[in-house]
Structures are given as structure tokens and as C-alpha cells.
Amino acid sequence: MLIRWGIIIGIILFCLLFYRFILRVFFGVVIVPQDRIGLVTKKFVLMGKQELPEGRIIASNGEAGFQAQTLAPGVYFWKWIWQYDITFQPFTVIPTGKIGLVLAKDGAELEIGSILARKVDCDSFQNAEAFLKNGGRKGRQTAIITPGSYRINTFLFELEITDMITIPDNAVGIVTTQEGKSLEERQIAGKIIESQNKFQDVDAFMNNGGYKGLQEQVILAGSYFLNPWFAKVEMVKMTEIPIGHVGVVISYVGNDGVDLSGVEFKHGNIVAKGFKGVWAEPLGPGKYPINPYIMKVELVPTTNLVLNWASSRSEAHQLDKNLSTITVRSKDGFTFNLDVAQIIHIPTTEAPKVIARFGNMTNLVSQVLEPTIGNYFRNSAQDSDVIAFLGARKERQESARDHIGKVLEQYNVFGVDTLIGDIVPPESLMKTLTDRKLAEEQKVTYETQMKAQETRQSLEKETAIAEIQKEIVKADQGVLIAERIADASVKKATGDANSVRLQATAEADRLKLLASGEAEKTRLLAKADAEKIEWIAKADAEQISLTGNAEAEKILAIGKSNAESYKLSVEAMGGNNFTQLKVMEAIGAKQIKIMPDILIGGGGDNANSPISGLLGLQLLEQLRKNADDNNDNARKSN
């Protein structure tokens, strides 16, 4: 019993473990999981045709071999293990941002000249049998698989996963197709095809007559399901036209249009927008999705444009980067350089004509402006010498503006102004001019200094006059004082009074003479000094005379007084007594020694000795002689 139950349990466990194998062997049951598909290989056919048609590798009509029909998740019967080989395969998953490119290993042959097989109805390549029966062709397919999960028969289809095409902002995609009709003669790009969804629907493109090669149509910023086997995309920046410019479009595609430039313009056709040639309507400032391979946009500045003929200066537009200082030769054979700036303006309406005539702004500068301006100044310099050319700078600038303006009008360009910049004369001539100028400036300096000296002299003269006026007033007061002093001196001594008066008069005259100026002042001072000396001499002489007279009168008066005094004294004292008195006064006044240091004579105190009497007589005789001399002098003075 236990053994029987053990066998039953063993059988059940075996069946549980190997139920798929048992079901497959005994019942032909195949269970396909939910995340798998079954790829079927038929080993043989019991009845009917067993071999595939020549050139085929996938069986779609029950032939032996790889079967087109796959097994979706589920349970299938009668798939005997000895007849069918079932391979489980995961779903084909296309991630987000990717696309699946499909290569068919079986199907009809590609059409001659085609490189891609056209799309057929096959449920995004999930129905291999429909693909083959609906005329699917082998090789690379135009259709793609977008992101998602698919049941793809990998016996028939080989997938390649690649990135979507993404166009960033401010960029455009230039498309070149690998499939389509050949371009027509004289065409460089395929015309725009409607309803082809930005080249994402390849079959719509080809069904509507799309051309292979470069396309006129561009794709803008965004992500696209583009088949890279069909279209190659090149990303370029959008065409930007800055403020202050217009963009003149030169189109290389389109039909030939009617010339809008008029009969007077003979330098190319200007056509309406959309036709081949130079468009009459330029593009304003902004950004445009231009295909640079089929259109060219030439920027034309509509603001005032400055061009410099100077070696060391160039504007931001760089149109004058090849221009340099103009070298000219004067009439007198000197070679010198000058810088020139030309201001031009191109109106918006004239911009297409300028481009039609020259092709671009660089050609306008090199073919018109450079030779016109250079030759004008060279010709102008040959008619004048260097000095005259430098001196008539303003007139030559105005003449150049008028002449160049008229020339530029013929080329649809408005000449705003012509400016002459730095002029560099020859070094030798420059030195001569510099020396001359320095001499002129020195002359002006000397004249200015002379005027300053004259002004200073006038100032000094006026100042001296003012000072003299002050001195005159002071002198007038001094005269009064001098007169008072002179009067007092005259009373004391007439000579002193006259001397002071004469000095005051001479000083006043001298101060008055100073008012005539520095030179006159010197002369007057010299004259005043001479007169002063003369007056002083006269005053001194007169003073001496008066003083002498006064002294004489004084001595006379003193003598008379002394005589009268002596007379009275003699009368009062007697002649001998008065004489002895005066002798003693004289001895006391002159400090005369009466007694010698050594006495020669007899001894004792005898006052009546002969020697004492002799000394007394000698002293009296000397005093008398001195008195007689004084009286003689007094008489001579009188």
C-alpha cells in the first residue's frame, strides 16, 4: 500500500516537474510565456510541398524551415516535438529617444535603382507572413519602428537601434536624401514635397515625387523619427541678420523670374521672392532658417559705414582691413602719406542692386571705393606743392566729398562725407616747417614780452608818479618844516637856514623830475644831484661866510667885552695886580709847572732870588704875546 502511494506521489511529482515535456511529447502542447514569443522551425512536412521556393528562407505556406508565423504568448496544441522546434525570444523593445531600423532577410528583390524597400502593411513588422504576402522586399526598409515593445520575428527581420534626430535651438537641419528621383538638369536641390511630415514619412515623400540629394526644405528645432538610411541631416546655425543691416538673398534654386531692376540697371537680374537670382526684397534684422547650400545671404549695413584708409586703424566690420594709408607725390616732388576716412550709406531699397552689381560688400570696397578715393587724392596732390596742400586742407576735403559723392551715386551708394585725417609730410620738409613755426612763435613771444615790458614800464612809470606824488606831498611838508628850521637856523645862523632851504628845493625838484619815467627820472636825478651839489656848495659857502662873520663878530664882541673887562679890572686892581692875576689864571688853566723838578740856585726860601724874578718876567712876556696874537686875528676876521 505504501509502495503504491509512493509510486503515485512520485508520478505526480514527476508530472509536476516535467509537465511541459510530458505535454509536449504526448500532446504537442506549447506554452509561450507572457514576455516571450515563439519562433517556429518546422522540421518536415507530413503531406504537401516541403521545399521553399528558390531564393526564399522563410516559409509562409506551411513549407519546412523557418516559419513566418510566430507564436504569441499563450497555449498551442499539436506542436509535436519531433516536428517543430520552438525557440522562445524576448519582445523587441525600442527605448525612448531611439528608433528601430529594419533589415529584411527575405522577400522580393529590390527595384532597380532603389536602395530601400518600400513600406508594406505588416503591423510594424510584427506580422512577418503579411510582410511576405503583401510584397515586402528584402533589404533595408524605409519604414522604422518607433519606441515601444514589439513581437518581431528575428528569423526574418534584423533590427538596428539608433538615436532619433534632434535639432537644437537656433539651428536648422539640412537634409540630403538617399532615395528618390534623380534631380532635373540645372537643379541643385530637390523641391519641397508636401505631406511627408518633415521627411519622417519616407513613402509619402517618394510617392509624391521626391528627389534624391540635397533638399530645399529644412527642418527646425525638435526631435524627429528620421531614417538615417534615407536621409542625412547636417545641422547649421540659423542665419542671423543684426540690427542696422539687411540680408540680400541670392537664391540658387527656383524658376527664372522676371527682372525687376529696370532697363537702366544692366548689372544683373533682380527677381521676386521665390525665384532664382537676387531677391528684390531683402530680409530685415532677425533670425532665419536659411539653407546655406541653396541660398546665400549677403549682409549689407544700412547705417552709416566708416572706412579708414589708415594702416593702424580698422573698424569692427573689417571691410577696411586691407586698406592702408594713401601715399601721394606732390607737385614739387615730395612723397608723403595721408589718412582718409570715407563715410557711406546704402539705403535698404538699394542694397539688392549693390549686391547684384558687386556680389558682396568687400568687392564694393576693393573695386570702387579703394581706387576712387586713392586716385582722387593722388591726382589732387600732383597739382599742388606740399605746403599748399597742407594749407588748403579744408577746401580739399570739401572738394573730395563732392567728387567722391558723385562717383558713388553711380553705384547706388550715398557718400555721406570724406574726411582727411593725419597728414605726414616728408621729414626734411617737416623740420623746415617746424623751424619756421618755432621762429614765428618766438617772434610772437618776443613781441608779447616787449608789450609786457612796455606795460611794465608804463606800470613802473605810473607807480613812480604815484610814489613821487607821495614824495612831493612829503617834500612839500618837508619844505615847510625846512623853512621853519631854516628860519630858526637863520636866526641862529643865516647860512644854516639857506642851506636847508636849498636842499629842500633841490630834493623837491628831483622828486618832480622822477615823474617823467625811468629814463627821465635818471636824467632828472642826475640833474637834481648836480643842482643839489651846487646849491649845497653855495649854501655851504654862504654858511661858512655867515658863520665866519658871526664868529668874527662874536670874537670882536668877546674881544671888546674882554677889553672892556680888562680895562675895568686894571682900573680897579691896578696894572701890576691885574697882570699877576691873569698870569696865575693862565698858569692854572694851562697847568704850567712853576716850580721845576730840580732848582738851580741858592738854598733857602729866598723868593727874591735873581732866578725867580727872571722866570716871572718870562711868563708875563709870553702871556702878553698870546694876547697880541688873538687881537690880530680878530682884526683880520673883521
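Read-outs throughout are calculated quantities, based only on the coordinates presented, and are distinct from any laboratory measurement. Quick caveat: nothing in here was measured; it's all calculated off a predicted structure. Reconstructed Cβ throughout: ideal geometry from the backbone, glycine too, with neighbour counts over all protein chains shown.
Applying the Karplus relation 6.51 cos²θ - 1.76 cosθ + 1.60 with θ = phi - 60° to the stretch 182-197 yields 3J(HN,Hα) values of 6, 5, 6, 5, 6, 10, 10, 8, x, 5, 5, 10, 7, 6, 10, 6 Hz, where x marks Gly and Pro. Find how many whole Å separate the alpha carbon centroid of the stretch 267-345 from the alpha carbon centroid of the stretch 413-484. Each part's Cα centre sits 54 Å from the other's. Sorting the Cα pairs of the stretch 245-423 by distance into bins of 5 Å, from 0 upward, gives 1, 8, 16, 18, 16, 12, 10, 7, 5, 4, 2, 1, 0 percent per bin.
Computed over the alpha-carbon pairs of the stretch 22-162, the distance histogram in 10 Å steps reads 12, 38, 34, 14, 2, 0 percent, short to long. Each principal axis of the stretch 211-271 carries a Cα extent, and these read 51, 34, 13 Å when sorted largest first. Global dimensions of the stretch 293-342 from alpha-carbon coordinates: Rg and Dmax equal 15.9, 57 Å.
Just the number: Rg to Rh for the stretch 164-237, Cα atoms, Kirkwood Rh, two decimals. Walk me through the intermediate numbers first.
On the way: Rg = 11.6 Å, Rh = 12.3 Å.
My calculation of the ratio gives 0.95.
Taken over the stretch 129-240, lysine pairs spaced eight or more positions apart, or on distinct chains, with alpha carbons under 15 Å apart number 6. Modelled spin-label separation between residue 387 and residue 422, with each label point placed 7 Å from Cα along the Cα-to-Cβ direction: 2.5 nm.
Regarding the stretch 66-120, what's the average projected area of the Cα-atom convex hull, expressed in nm²? Please list the in-between numbers first.
Numbers: hull surface 25.8 nm².
Its average projected convex-hull area is 6.5 nm².
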